[in-house]
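Colleague: First the structure, which I've put down as structure tokens, then a few questions once you've had a look.
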Amino acid sequence: MKSIPRMVGGLGVAAGLLTAGWSVNGALADDQTIKIGVLHSLSGTMAISETTLKDTVLMMVDDLNANGGLLGKQVEAIVVDPASDWPLFAEKARELIEKEQVAAVFGCWTSVSRKSVLPVFEELNGLLFYPVQYEGEESSRNVFYTGAAPNQQAIPAVEYLMSEDGGAAERWVLLGTDYVYPRTTNKILRAFLNSKGVSDDDIMESYTPFGHSDWQTIVSDVKAFASEGKQTAVVSTINGDANVPFYKELGNQGISAEDIPVVAFSVGEEELSGLDTAPLVGHLAAWNYFMSVDTEENDAFIEAWQTYIGSEDRVVNDPMEAHFIGFQMWAQAVRQAGSTNVDAVRQAMYGQNVRSLSGYDVTMNTNHHLSKPVMIGEIQDDGQFDIVWQTDGVVVGDAWSDFIPESSKLTADWTFPWVCGNCEQPIFVSTN
Amino acid sequence: MHLFARVALVAVALWLATAANAEAIEDMVQALGAKESAEKIAAIDALASSGDERALGILQAMLDRRLFRVKADDRVVFADKSDGGYQLTDPLTGEALGEVGRRDVKKVSVNNKLRGKLRGTIGGMTLLSPEAEARAAAADAVFKTPNAAILPILDQAIEAETDASVRDRLERARAAVQIETSKESAVRQAAVETLAQFTDPDVRTLVASLLVASDDGFVEADDAVRAAATETLATIDAGIARWTLIGNLFQGLSLGSVLLLAAIGLAITFGVMGVINMAHGEMVMLGAYTTFVVQEIFRNHFPGGFDYSLAVAIPAAFVIVGAIGIAIERGIIRFLYGRPLETLLATWGLSLILQQAVRTIFGPTNREVGNPEWMTGAIELAGGVALTYNRIWIIVFALVVFAGLMILLARTPLGLQMRAVTQNRAMASAMGIRTGTIDALTFGLGCGIAGMAGVALSQIDNVGPNLGQGYIVDSFMVVVFGGVGNLWGTLLGATTLGVVNKFLEPYAGAVLGKILVLVAIILFIQKRPRGLFALKGRAVEN
């Protein structure tokens, strides 16, 4: 029994690859099916994170079809593999929209891949659902951002560490991988910390290349920086594979979370699943969802996922939940609009409501960002997170950070009278 | 009568007291499950000072995350995972309360602050433990959460202590408590002066915290104490600077040993045979996956012998990856000798195929390779310098592999034949050496060693399909820098690059440090195109 869903998944991939190769065949089925695109790397560096998201979308498509499909039609997922190659993302996106005529695309992980496909979606008026937490400073009318903006992840995490419960940190180490997301996030964080009275002497910023594996020096530096007499905390925007050796080195050098807590924005259940977490107990992560959330919806989703993938060991994580929300919202918007027309669906998306796996009512705002809850979890010895803090309600995603002077003036609102993603003035000025 | 009445009265009073106590203790345990951490902290303090002998066990259970709240009636209980959910026990009576489902109970959450508090409190209660290790841990916990109430017990513990190193830690803890809680500046000053003997970042943090400016002057109000603190800080800093140097050297050697391991197989295939093997990194990766498979077998069949899994993985990786190497040589590379560009392209394509094959078989996510017990943790030197065991063992392993390879090449018939074939193929063939077989064996040897390197690297890096890519450039760099065809050059090249990198990194940062090293190598190669140890004589000509 277990192997059947996996086979179906495998067939789906094979079918996707075939249709991607000979896309001429695609036109035949147009009337009976609604096509959506899945644009996640299945090979290369990012395959580690993105393959899971591809499977999540396929699972939800199966589920939707089993419940009668959409507008009386079956939904067909077209899977392509951009192979962690940023220019290839743009090519594959063009292929999905132009040749396959997909109604919406679910995809991308790194900010650089999103930036690469953005012009294509805007030129061809496509619809992208982007499920990963990111640096903000963007609002395209062709993208719905279902991951966290900085004010839904980074800022609350730092505020928590500043609070009495979080250890009242006064000195900060900002560690990151050297690319756009960490650099922008740290720019926002530095401005935020300065606004809270933290001087630049109390902030250390350090960047490492992708896949950095020798963390000895940096961990020693952090130790030295922390011995200046003020409670120190580390904010990590280290991405991907490099996290595992980083945490191993922390554990081996005996830095415990009680002395120097590390809060990470890119480490979830999936990243911890290759790691012995006993020495890391107490280090933190900030997300909008954790697998350990205690709700009926969550239990059902985890069970469905583990059955679909055929393994009890597989974990779920925040970007998967973001895809869950995005996919439900898209389906609802299509039903409401009665069509898969991109403009109609986009209008129907605004104000769309979905019950998240964590039991909150999550809403899509007119700036294309979600209102979601924020949670902070501590790593446990079983590789799960224990939620130590969460917002009472939902937090509205802010496309343009208030802490960067030039972006605090900008507004993103795709409804009248603004109809703009980055304007200081509304496009339509009311005349009466 | 009179006497009897008195006895009865005392008995009743005692009974009342214990009854009240029992009730109070139940309340305290119940309060541990409160929502607010302030209430939990109050309950921990109350429990610790209750003098009840069960308190220690309950607090320890809370720290071990065995304390749960039953959702139905809010009762605080011990819970242990069982097949269907959780097995509950009463924290005070130890009475079994039956089994409940996974979602019927909720863990009492313990955040970092509470964990520190618990460790400190438990530390205070175990300062007089009969085991030296427990006493040392207790002293460290007390050092981190100073509390005036603990002082008499600390004095008593120091009095009774026989182990010198534990006594040091106890004194360190006492000084910390005095600094944080004493009202007399003379006591604080003496405590600060005591701390000068500890070259330790934690102590530095504590002493430096006295000098931090606060709203009204400084954290430490007394001038004399601050002067003492400044002096102590200078002493500690001098000590830390010395130890940091040693730490840097170790880190450099460690990076060097990793580079050596990654490059030494390439020194055979590229250095000795002249094959530009772009799939070398994937040989390392296959070695790491072999470790994973071996460990899986151990986990499933011999969980007790897990600590010895690496001893099996090393020869297994050598044999398996070596065999793959021989297959590659016989299947692809032997048709491409003398055509370096084609070799480069073919092996690069091969590396992509191998990566995708591994991704298909084992999945795209990283695989968990555990560290055996003897490879976790670190030797803590003074000054916050930690020599981690996994890196120490990798340095040792790299040297052993290097020595083994030198012996093989210099002292065995196989090594002699390998050198003969690579130096003068025609003559070797004329002497009756089967050059084809020797080529295959040499290539297999290089790959097998890369496989063993993979076993070592699986202990410090991710085991994923991309593992090899991170090492291929570094490996070529080491071999070219050290001098193609010379193993001593590889050894010296790897060590030099490692140490230089680690001494540059603190000043230049990880990214710039790496760039600087690359630029230095380019300049060096301009000056000495054949690397550190250039081969001399006729071998150079072809």
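The values are calculated or read from the model by the stated rules, or taken from the named source; none is laboratory data. What you see is a predicted model, and the numbers here were worked out from it, not measured in a lab. Cβ atoms come from the backbone with ideal geometry, glycine included; neighbour counts cover every protein chain shown. The accessibility values were calculated without ligands, DNA or RNA, using every heavy atom of the protein model including side chains. Shrake-Rupley method; radii C 1.70, N 1.55, O 1.52, S 1.80 Å.
Colleague: When the Karplus curve 6.51 cos²θ - 1.76 cosθ + 1.60 is applied with θ = phi - 60°, which whole-Hz ³J(HN,Hα) does each residue of segment A:355-367 get, with x for Gly and Pro?
Modeller: These are the phi-based 3J(HN,Hα) values: 7, 6, 5, 8, x, 9, 8, 9, 10, 8, 9, 6, 8 Hz.
Colleague: For segment A:410-423, in order, what is each residue's ³J(HN,Hα) by Karplus, 6.51 cos²θ - 1.76 cosθ + 1.60 with θ = phi - 60°, in whole Hz (x at glycine and Pro)?
Modeller: Rounded to whole hertz, the list is 7, 10, 10, 7, 9, 10, 4, x, 6, 6, 7, x, 8, 10.
Colleague: Suppose we take every Cα in segment A:234-358 and form the convex hull; what volume per residue is that in Å³?
Modeller: 144 Å³
Colleague: Ignore the peptide's own chain and count Cβ atoms of other chains within 10 Å of each Cβ in B:457-468; give me the average, rounded.
Modeller: Counting other chains' Cβ atoms within 10 Å and averaging over B:457-468 gives 5.
Colleague: Which whole number gives the average, over all residues in B:234-241, of C-beta atoms from other chains lying within 10 Å of the residue C-beta?
Modeller: Partner Cβ neighbours, averaged per residue: 1.
Colleague: Right, next: Distance cut-off 26 Å, Cα to Cα: go down the list A:K248/B:K35; B:K117/B:K183; B:K502/B:K527; A:K196/A:K223; A:K372/A:K409 and report the pairs above it.
Modeller: Violating the 26 Å limit, Cα to Cα: A:K248/B:K35.
Colleague: Right, something else. If you split all Cα-Cα distances of segment B:417-494 into 10 Å bins from zero, what percentages do you get per bin, shortest first?
Modeller: Result, from short to long distances: 16, 35, 32, 14, 3 percent.
Colleague: Can you list the equivalent-ellipsoid semi-axes of segment B:295-418, largest first and in whole Å, using the square root of 5 times each Cα gyration tensor eigenvalue?
Modeller: They are 33, 23, 17 Å, listed from largest to smallest.
Colleague: Also, quick follow-up: For chain B, just say rounded, prolate or oblate: build the C-alpha gyration tensor, square-root its eigenvalues into a ≥ b ≥ c, call rounded for a/c under 1.5, and beyond that prolate if a/b exceeds b/c, oblate if not.
Modeller: prolate
Colleague: Can I ask one more? Let me confirm one metric for peptide B:359-366, namely the mean number of other chain beta-carbon atoms within 10 Å of its residues' beta-carbons.
Modeller: 6
Colleague: Here is a follow-up. Testing the spin-label approximation: label points 7 Å from Cα along Cα→Cβ at B:S50 and A:A300. State their distance in nm.
Modeller: 4.2 nm
Colleague: How high is the FRET efficiency from A:N353 to A:Q74, r the C-beta distance, R0 30 Å, rounded to 0.05?
Modeller: Given R0 = 30 Å and the Cβ-Cβ separation, E is 0.75.
Colleague: Report, largest value first, the span of the C-alpha coordinates of chain A along each principal axis, in whole Å.
Modeller: Extents along the principal axes, in whole Å: 69, 66, 40.
Colleague: Next question, about the same structure. Spelling out what I want: for every residue of segment A:174-179, take phi, set θ = phi - 60°, compute 6.51 cos²θ - 1.76 cosθ + 1.60 (Karplus), and round to whole Hz; glycine and proline get x.
Modeller: So the Karplus estimates, Gly and Pro as x, are 9, 9, x, 7, 7, 7 Hz.
Colleague: May I pose another question? Leaving out ligands, DNA and RNA but keeping every protein chain, what accessible area does B:F533 have, in Å² rounded to the nearest 10, with a 1.4 Å probe?
Modeller: 80 Å²
Colleague: What nm distance separates the two modelled labels at B:A311 and A:D382, each placed 7 Å from Cα along Cα→Cβ?
Modeller: Here the answer is 3.4 nm between the modelled labels.
Colleague: Got a sec? What order do B:K106, B:K113 fall in by accessible area at 1.4 Å, biggest, i.e. largest, first?
Modeller: B:K106, B:K113
Colleague: While we're on this one: Over the Cα atoms of the protein assembly as shown, what is the Rg over Rh ratio if Rh follows Kirkwood?
Modeller: Reported Rg/Rh (Cα atoms, Kirkwood Rh): 1.00.
Colleague: Still on this structure, I have one more. With a 1.4 Å probe and every protein chain kept in, tell me what percent of the accessible surface of the protein assembly as shown is carbon plus sulfur.
Modeller: Answer for the protein assembly as shown is 58 percent, counting heavy atoms of protein chains only.
Colleague: Could you put B:T205, B:T93 in order of accessible surface area, largest first, with the 1.4 Å probe and the full protein assembly present?
Modeller: Putting B:T205, B:T93 in descending order of accessible area: B:T93, B:T205.
Colleague: Across 10 Å bins from 0, what is the distribution of all Cα-Cα pair distances for segment B:260-366, in whole percents?
Modeller: Spelled out per bin, shortest first, that is 14, 41, 30, 12, 3, 0.
Colleague: Next question, about the same structure. Once amide H atoms are placed 1.01 Å from N in the peptide plane, what residues at a sequence separation of 5 or more from B:A378, or on another chain, have their amide H within under 5 Å of its amide H?
Modeller: Close amide H contacts, sequence-distant or interchain: B:Y389.
Colleague: Percent of Cα-Cα pairs more than 19 Å apart in segment B:409-542, please.
Modeller: 62 percent
Colleague: Now for a separate question. Please report the relative contact order for segment A:147-245, taking Cα pairs under 8 Å with a sequence separation of at least 6, and give it as a percent rounded to a whole number.
Modeller: 41 percent
Colleague: Give the lysines whose C-alpha is closer than 27 Å to that of A:K92, dropping any in the same chain fewer than 8 places away, or say none.
Modeller: A:K35, A:K54, A:K73, A:K115
Colleague: With a 1.4 Å probe and every protein chain left in place, tell me how much accessible area B:E99 has, in Å² to the nearest 10.
Modeller: 100 Å²
Colleague: Still on this structure, I have one more. Keeping all protein chains in position, work out how much accessible area B:L341 exposes to a 1.4 Å probe, and write it in Å² to the nearest 10.
Modeller: Counting only protein heavy atoms, B:L341 exposes about 130 Å² to solvent.
Colleague: Sticking with this structure for a sec: Treat every Asp and Glu Cβ in segment B:384-542 as -1 and every Lys and Arg Cβ as +1, leave all other atoms uncharged, and give the resulting dipole magnitude about the Cα centre to the nearest 20 debye.
Modeller: 480 debye
Colleague: Considering only protein heavy atoms, with the full assembly of protein chains and a 1.4 angstrom probe, order A:C108, A:C423 by accessible area, largest first.
Modeller: Largest accessible area first, the list is A:C423, A:C108.
Colleague: So for segment B:159-234, considering every pair of alpha-carbon atoms, how many percent are separated by more than 14 Å?
Modeller: Of all Cα-Cα distances in segment B:159-234, 58 percent exceed 14 Å.
Colleague: If amide H atoms are built 1.01 Å from N in the plane of the peptide, which residues on other chains or at least 5 residues away come under 5 Å of the amide H of A:L70?
Modeller: Residues meeting the criterion, in which the H sits 1.01 Å from N, are A:V75.
Colleague: Loop only per DSSP, at most 10 neighbouring Cβ atoms within 10 Å: give me the GluC sites (Glu not before Pro) in segment A:286-370, ordered by residue number.
Modeller: Within segment A:286-370, the qualifying GluC sites (Glu not before Pro) (loop, at most 10 other Cβ atoms within 10 Å) are A:E312.
Colleague: Do any chymotrypsin sites (Phe, Trp or Tyr not before Pro) in segment B:382-486 lie in a DSSP loop with no more than 13 other beta carbon atoms within 10 Å, and if so, which?
Modeller: When the chymotrypsin sites (Phe, Trp or Tyr not before Pro) of segment B:382-486 are filtered for loop state and at most 13 Cβ neighbours within 10 Å, nothing remains.
Colleague: Given a Förster radius of 60 Å and the C-beta distance between A:A278 and B:R339 as r, what FRET efficiency does 1/(1 + (r/R0)^6) yield to the nearest 0.05?
Modeller: About 0.70, to the nearest 0.05.
Colleague: What are the radius of gyration and Dmax of segment B:30-117, computed over its Cα atoms and given in Å?
Modeller: My reading of the Cα-based Rg and Dmax gives 12.6, 37 Å.
Colleague: Restricting attention to the protein assembly as shown, give the cysteines that have no other cysteine Cβ less than 4.7 angstrom from their Cβ.
Modeller: So, A:C108, B:C447.
Colleague: Skipping prolines and chain starts, which residues have an amide H placed within reach, meaning under 5 Å, of the one on A:G107, given they are 5 or more residues away or on another chain?
Modeller: A:L39, A:F129
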